[in-house]
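See structure below.
Nothing in this text is a laboratory measurement; each read-out follows from the coordinates by a stated rule. What you see is a predicted model; the values in this text were computed from it and never measured. Using ideal geometry, Cβ is built from the backbone for each residue, glycine included, and neighbour counts are taken over all protein chains shown.
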Amino acid sequence: MPETELPTASWGRRIVALIVDWTVSTLVVVAFVGLDEYSEPGSVASAYTLGVYVLESALLTWLVGGSFGKLVTGLRVVPVDGRIRPMNPLKLLLRQVMVALVIPPLVFRPNGRGLHDMVADTATVTNETFRSLVAAG
């Protein structure tokens, strides 16, 4: 399926997924370092959230097609050609690093694919679109 035919998810839904991911990543860091350490001014513990977010989202996208936040909000990351198959984990890691650098909202195409998706040859779609791709085989 050509990339122009693949309907992408709305940016609003993706932002909600990002908020969920960031919240969960923060809770994981707080569970390991403690709330006092996390909230102490100048503590590097709060920076750990970024690393947890990048690793969580890249790993889960590679294994199950979406970060925790994306799965909770009904989104999936798929290869841009619409053929459901395993994706390159290094490209997915690069994709998430780009998201962490806030590049995607600044550079995106009219079809809704951000620069992070263009680099990784992926598209973020709804579960409905994902199911139709699986059914199409």
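If we sort 39-49, 109-119 on the protection proxy, mean other Cβ atoms within 10 Å, highest first, what's the order? Please report the intermediate quantities before stating the final value.
Numbers: 39-49: 12.5, 109-119: 17.6.
Listed from highest to lowest mean packing, they are 109-119, 39-49.
With kT/(6 pi eta Rh) evaluated at 4 °C and eta = 1.567 mPa s, and Rh the Kirkwood radius from Cα pairs, the chain diffuses with a coefficient of 84 µm²/s according to Stokes-Einstein.
Note that region 10-26 has calculated 3J(HN,Hα) couplings of 5, 5, x, 5, 5, 5, 4, 4, 5, 4, 4, 4, 5, 4, 5, 4, 4 Hz, one per residue in order, obtained from phi through the Karplus relation 6.51 cos²θ - 1.76 cosθ + 1.60 (θ = phi - 60°); glycine and proline are x. Relative contact order, whole percent, for region 3-136 stands at 30, derived from Cα pairs under 8 Å and 6 or more residues apart. Considering only the Cα atoms of region 45-101, their convex hull presents on average a projected area of 4.2 nm².
Between the residues Gly82, Leu115, Leu35, the greatest Cα displacement towards the positive end of the dipole of the chain, with unit charges on the Cβ of Lys, Arg, Asp and Glu, is found for Gly82.
Calculated [222 nm] ellipticity per residue, helices only, for the chain: -18000 deg cm²/dmol; basis is -39500 (n - 2.57) per DSSP H run with n ≥ 4, divided by all residues, nearest 500. With the highest mean first, a sort of the peptides 87-99, 56-68 on other beta-carbon atoms found within 10 angstrom per residue produces 56-68, 87-99.
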